[in-house]
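One structure is given below, encoded as structure tokens.
The values are calculated or read from the model by the stated rules, or taken from the named source; none is laboratory data. Remember, predicted model here, so these are calculated numbers, not experimental data. Cβ placement follows ideal geometry from the backbone for every residue including glycine, while neighbour counts extend to all protein chains displayed. Protein only, heavy atoms only, side chains kept; ligands, DNA and RNA dropped before computing areas. Shrake-Rupley method; radii C 1.70, N 1.55, O 1.52, S 1.80 Å.
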Amino acid sequence: MKLASLPQRRDGRLIVVSDDLAWYADADHIVPTMQGLLDEWERYAPYLEALAIELQHGAIPQKRFHEREAAAPLPRAFQWVDGSAYVNHVELVRKARGSQLPASFWTDPLMYQGGSDDLRGPRDPLLLPDEAWGGDLEAEVVVVTGDVPQGVSAEAALDHIRLVGLVNDVSLRGLIPDELAKGFGFVQSKPASHFSPVFVTPDSLGAAWAGGRLHLPLHVDLNGQPLGRIEAGEEMTFDFGTLIAHLAKTRSIGPGSIIGSGTVSNRDPDGSPGRPVAEGGRGYACIAEQRMVETIRHGSPTTPFLRHGDSLRIEAKDARGHTVFGAIEQQVSRG
């Protein structure tokens, strides 16, 4: 089942979308919003599944689905938490600075709490008032939970995942160092995130969802050129069950909580830092990682961070080359 929200009031209007993302059916007569569905998943999900089947068979009125018209599936959420499941990415950050990665980073996930009151749609402009702030995209996978009890195991946590999607977790690299130096985490350096047009139930992903990981390539383009063709499932050190269990160690998790994977990152087959797509590598899910590799190889970075007028696109494609969640497609704007 594929679900989306169209803009309406603060929390959007829930719709069911066809598997090929071509058509939709209104679902607000069953439950008005995505959050309402997540609050009472067991009650409403079977009705929406039936609606999705009817939509696929053309048995009910359908309307043309346009990704550009979609809001974020959850325009606001009770919780947005981002992990750093791809330790290769963190290791590159450290290596570029000439420092060692603590051994604990391979066994204990990193995680931060982001702002969840303003979650933006796939075609909303990426606002960057000042280019000196070092704007960067970060292509990631996200899951959305139902109720999760405190102390849940990593294995049991997977049963509480309701939906899977993508996010551009925007970073302002120029503001990060001063914020982290205060010892209290990100605030200004993590502006509003942008989400894929559609979120998908794990069972609808088939073999692409296994072991708490999304096994699909992420296609990341910058100004019409490939920045990354990275595999989301291959080098995810911590699966989503582990991330959820980490978050739930000391608290319960409410329905509609969004948990991010962190920047997807791949090494080269020989274990060396990833190469650009133009050089036959898989490339990168963010500009910072490309700059890190440039620093490691050449002593300094050459790729600039985002500039006004830049365009970007993030999507996951299945084995047939079809988009799964729709595309996050944005232009960088001064705002």
Count of residues meeting criterion [part of a strand (DSSP E or B), closer than 23 Å to Leu227 by Cα and either among the polar types (S, T, N, Q) or more than 20 Å from the chain's Cα centre (by Cα) (or both)] in region 133-162:
0
Tell me whether region 160-182 contains one or more residues that are of a type in the set (Asp, Glu) and open to solvent by less than 10 Å² (accessible area, probe 1.4 Å).
yes
Counting only residues that are closer than 23 Å to Thr242 by Cα and without any contact (Cβ under 8 Å) to a residue 60 or more places away in the chain, how many does region 165-202 have?
1
In contact with a Gly (Cβ under 8 Å, 6 or more places away or on another chain), buried (at least 22 other Cβ atoms within 10 Å of the Cβ) and not basic (Lys, Arg): which single residue out of His246, His194 fits that description?
His194
Quick check on this structure: which one of Gly228, Gly206, Gly254 is under 20 Å from Ser116 (Cα atoms) and open to solvent by less than 50 Å² (accessible area, probe 1.4 Å)?
Gly254
Would you be able to tell me the number of residues in region 313-335 that are assigned to a strand (DSSP E or B), open to solvent by less than 50 Å² (accessible area, probe 1.4 Å) and farther than 18 Å from Arg173 by Cα?
6
For Leu74, which of the numbered conditions (1) modelled with pLDDT of 95 or more; (2) not in a loop (DSSP other than H, G, I, E, B); (3) not acidic (Asp, Glu) fails to hold?
(2)
Within region 283-312, considering residues that are more than 18 Å from Ala85 (Cα to Cα) and charged (D, E, K, R), the one most open to solvent (accessible area, probe 1.4 Å):
Arg307
Which numbered condition trips up Gly165, out of (1) part of a strand (DSSP E or B); (2) closer than 28 Å to Ser333 by Cα; (3) in contact with a Gly (Cβ under 7 Å, 6 or more places away or on another chain); (4) not charged (D, E, K, R)?
(3)
Of (1) under 26 Å from Gly206 (Cβ atoms); (2) among the charged types (D, E, K, R); (3) modelled with pLDDT under 95, Arg97 satisfies all except one. Which?
(1)
Looking at region 103-114, can you tell me whether even one residue there is farther than 29 Å from Asp270 by Cα and surrounded by 16 or more Cβ atoms within 10 Å (Cβ to Cβ)?
yes
Cross-chain or 6+ apart pairs with Cβ under 9 Å, region 118-132 first and outside any loop (DSSP other than H, G, I, E, B), then open to solvent by less than 10 Å² (accessible area, probe 1.4 Å) and among the hydroxyl-bearing types (Ser, Thr, Tyr)
Arg120/Ser193
Could you grab me the full set of residues in region 20-35 that are farther than 18 Å from Pro61 by Cβ and open to solvent by 20 Å² or more (accessible area, probe 1.4 Å)?
Pro32, Thr33, Gln35
Scan region 78-94 residue by residue and report those that are surrounded by fewer than 24 Cβ atoms within 10 Å (Cβ to Cβ), aliphatic (A, V, I, L, M) and either under 15 Å from the mean Cα position of the chain (by Cα) or assigned to a strand (DSSP E or B) (or both).
Val81
Exception for Arg123 within (1) under 16 Å from the mean Cα position of the chain (by Cα); (2) surrounded by fewer than 15 Cβ atoms within 10 Å (Cβ to Cβ); (3) of a type outside the set (Phe, Trp, Tyr) falls at (2)
